[in-house]
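The values are calculated or read from the model by the stated rules, or taken from the named source; none is laboratory data. All of these numbers come straight from a predicted model, not from anything done at the bench. Backbone-built Cβ (ideal geometry, glycine too); neighbour counts: all protein chains shown.
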């Protein structure tokens, strides 16, 4: 099969669904020796993913400078260009497909947060997805959901037939692993201004990540002298950054809460290894890769009992009510201080994370391509 993949979402600072697109691309091209791939991407994206790709065709465009032109390009130019290139199956891995494409098209829908919880999204994003996402789901030849949670959401909220949806879990990159090199770990501490024990969060600073309650729970623990840790918040300083920084200042925790900004995968691996506890109190996730990355590094995880997180972490994490500050604090304290629990969770977490590989995700994705090809 000649398969085309829309990678226009990938830019220089990779996060969220871009991780999925990037790592799935690498895995498909590395492990699938049967089919041919054409990747459509931005010319100005300097991400190493495109320089590193071998064994595929790459089509770069320089005409996408903002979301409006990207939408026009995806909806009009992409289907015309992919047909011209002889593509047999088109894969739109970022929620939305070209609605008038004549090619059999598979769409990956990581979540439906814009439809289910529009208040957790920006207004423009919510409006865009409200218009395009249901139409994409109904037009697609098949849908890839990244979790059974998202599959249920698609069935219940959009009325999509169950047999049209394939669940393909994300993988964890093999670079996320335990590190014992003290020089590397100490260097990361100096780089990010870390002076003590660490509670870590990693992800974009946006409303759904629930970081206001995390900071409140941390303040509660510090106020009772229950923990001596710093809270390190690593990720792109998005729409919530100013408010979160102000909250930390108001609570007198400027030195206790460290905002690193966006970090590379290499630095993130070091931060996971430095941390005593990784905390992921998100209100809604379609999958949620960071808890698995932390588990792969041997870090104890506290996760929200919400969205797909329980499905992903299984018995390898402490689950908490993300809407209750006191329960988040309870989970953090338990994970940081109960030595027997920590040993158990580290073992369970590594075992759990090892089940999620990009090779397995690539193989399952190729099976979806084959289903769509047979139907076409």
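Okay, here's what the table says:
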{"quantity": "In the stretch 286-333, residue farthest from residue 116 (Cα to Cα) [restricted to those that are modelled with pLDDT under 95 and in contact with a strand residue (DSSP E or B) (Cβ under 8 Å, 6 or more places away or on another chain)]", "calculated": "288"}
{"quantity": "Test for residue 181: is it more than 26 Å from residue 251 (Cα to Cα) and surrounded by fewer than 13 Cβ atoms within 10 Å (Cβ to Cβ)", "calculated": "yes"}
{"quantity": "Hits in the stretch 31-47 - residues which are closer than 15 Å to residue 57 by Cα, surrounded by fewer than 20 Cβ atoms within 10 Å (Cβ to Cβ) and at pLDDT below 90", "calculated": "33, 43"}
{"quantity": "Filtered residue count, the stretch 104-152, keeping only those that are over 21 Å from the mean Cα position of the chain (by Cα) and within 18 Å of residue 169 (Cα to Cα)", "calculated": "1"}
{"quantity": "Count - residues of the stretch 296-307 that are crowded, with 24+ Cβ neighbours inside 10 Å and closer than 16 Å to residue 169 by Cβ", "calculated": "2"}
{"quantity": "Residue check, residue 202 in contact with a helix residue (DSSP H, G or I) (Cβ under 7 Å, 6 or more places away or on another chain) and either modelled with pLDDT of 95 or more or more than 17 Å from residue 258 (Cβ to Cβ) (or both)", "calculated": "yes"}
